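Okay, structure first, notes after.
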DNA sequence: GATTACATACCGGCCGGTCGGTATTGACCT
DNA sequence: AGGTCAATACCGACCGGCCGGTATGTAATC
């Protein structure tokens with residue numbers, strides 16, 4: 001019980017694809033035009049549904065915004081837990097976390113762009129929920145940074161807070177400049193970012209080391 | 001000629017303070033609520049003026065957004081030129097540029113927050129103008145990064161593009177987390193950021209380092 | 001008396017959201 | 001197996017309200 005989704009109900013069954021289409025259309029439009037500048041009419045037109053359908057699946061326009069980011073955040077948190085569980089070495093773990101963060105951010109760059117711009121448009125309660133979950137991500141990253149700094153020779157006087165914001169600032173800015181037809185693959189960018197941070201906070205990155 | 005502002009005109013003289021108050025009120029509200037979520041009525045109420053006054057000084061709501069960021073960008077570009085003209089050493093120049101960028105961003109964090117979120121709401125022409133000017137800033141920073149990497153031992157395989165986006169991503173994220181009542185002064189944060197970047201791209205940031 | 005600086009009343013339009021209606025389905029009874 | 005009922009899925013016309021912007025009037029200053 002519990003995992004079995006075949007709970008039988010009365011009445012006509014819902015259409016999950018319709019719901020997904022609505023969220024997809026909202027994501028596209030919010031990314032292109034912004035949340036406030038996008039009307040629910042535009043959303044239903046792009047999704048090919050009616051207003052009644054939208055307000056059947058969602059109580060308010062704000063729900064769309066919340067669900068758009070909820071999925072991505074859950075996935076990134078799951079990745080974070082997996083990585084920290086599998087990799088005991090803090091230096092490698094931090095590298096892996098940065099790599100995953102960059103790659104998933106690029107993959108879901110529209111979600112990230114929307115959330116970076118419009119997160120303040122959520123209700124205070126929902127904003128707090130996302131804020132709390134994201135805070136956990138921050139704390140894990142900062143702890144990793146501290147451990148790495150503690151082990152190696154600290155050759156930069158940067159606090160874990162500033163370093164973490166350097167990382168997160170980089171990722172949130174990714175949607176602004178990353179172009180899928182550009183010369184670099186997402187994993188290339190992720191590796192560069194990881195090397196950069198690791199080099200700065202004290203580990204000599206052996207294999208990447210070069211001399212002019 | 002031209003610089004003389006005392007051109008005498010007919011009719012009642014304008015009130016520059018009123019104009020400034022309107023922009024100030026718009027800045028506050030845009031930062032608090034976002035551009036679209038702020039009505040021109042709210043702006044005039046907060047500024048203590050009437051709608052007629054606003055539309056006498058500005059042709060459209062969009063003008064407010066443009067002027068808000070125009071001033072900051074001009075100042076930061078002027079700072080950039082001053083620093084690069086005064087400091088021939090690329091490593092020191094980069095450090096100084098980062099320091100100035102961080103400090104001015106913190107000082108004008110509301111402008112930066114507004115522009116980071118709402119720059120896409122400008123007309124294409126105006127967006128291009130700001131984009132072009134900002135592009136120049138980017139190019140100078142990347143050139144500095146290249147020069148520093150060329151001189152010192154390169155111990156991180158990060159391209160100037162990624163490094164520059166690390167810097168700019170950090171500064172654009174500053175309004176999201178900097179708190180004036182926090183433990184760190186703006187110059188402290190600026191120094192940490194500069195040390196971090198310089199440490200990562202190959203120079204030991206200790207005073208009196210080698211130069212080829 | 002020409003010109004500028006504001007004030008105020010006003011407008012068409014679109015906004016997010018609602019609501020009564022209808023079609024479609026499963027549960028249940030016989 | 002077939003019919004009945006109730007619950008759900010959607011439809012689309014409609015609403016009050018506010019939005020950015022304007023038009024007209026009046027007071028101040030050259």
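The values are calculated or read from the model by the stated rules, or taken from the named source; none is laboratory data. Because the structure is predicted, anything quoted here is derived from the model rather than measured. Cβ sites come from the backbone with ideal geometry, for glycine too, and all protein chains shown count toward neighbours.
Read through the list (1) within 12 Å of another protein chain (Cβ to nearest Cβ); (2) farther than 21 Å from residue A:174 by Cβ; (3) buried (at least 22 other Cβ atoms within 10 Å of the Cβ), then give the number of the only condition that residue B:97 fails.
So residue B:97 meets the others, but not (1).
Hey, could you check the stretch A:46-64 for residues that are in a loop (DSSP other than H, G, I, E, B) and more than 6 Å from DNA strand D (Cβ to nearest atom) and say which is nearest to residue A:119 (Cα to Cα)?
Among those that are in a loop (DSSP other than H, G, I, E, B) and more than 6 Å from DNA strand D (Cβ to nearest atom), it is A:60.
Restricting the stretch A:26-48 to residues that are without any contact (Cβ under 8 Å) to a residue 60 or more places away in the chain, away from DNA strand C (no atom under 13 Å from the Cβ) and surrounded by 14 or more Cβ atoms within 10 Å (Cβ to Cβ), which is nearest to the other protein chains (Cβ to nearest Cβ)?
Only one residue fits best here, namely A:32.
Pairs under 9 Å by beta carbon, first residue within 14 Å of chain B (Cβ to nearest Cβ) and free of Cβ contacts under 8 Å to residues at least 40 places away in the same chain in the stretch A:49-77, partner within 16 Å of DNA strand C (Cβ to nearest atom) and part of a helix (DSSP H, G or I), six or more apart or different chains?
What qualifies is A:61/A:26; A:61/A:40; A:61/A:43; A:61/A:54.
May I ask you to verify whether residue B:13 is more than 16 Å from DNA strand C (Cβ to nearest atom), in a loop (DSSP other than H, G, I, E, B) and exposed (fewer than 15 other Cβ atoms within 10 Å of the Cβ)?
So residue B:13 fails the test.
Surrounded by 20 or more Cβ atoms within 10 Å (Cβ to Cβ), within 16 Å of DNA strand C (Cβ to nearest atom), at pLDDT 95 or above and under 24 Å from the mean Cα position of the chain (by Cα) - does that describe any residue in the stretch A:67-87?
Within the stretch A:67-87, one or more residues are surrounded by 20 or more Cβ atoms within 10 Å (Cβ to Cβ), within 16 Å of DNA strand C (Cβ to nearest atom), at pLDDT 95 or above and under 24 Å from the mean Cα position of the chain (by Cα).
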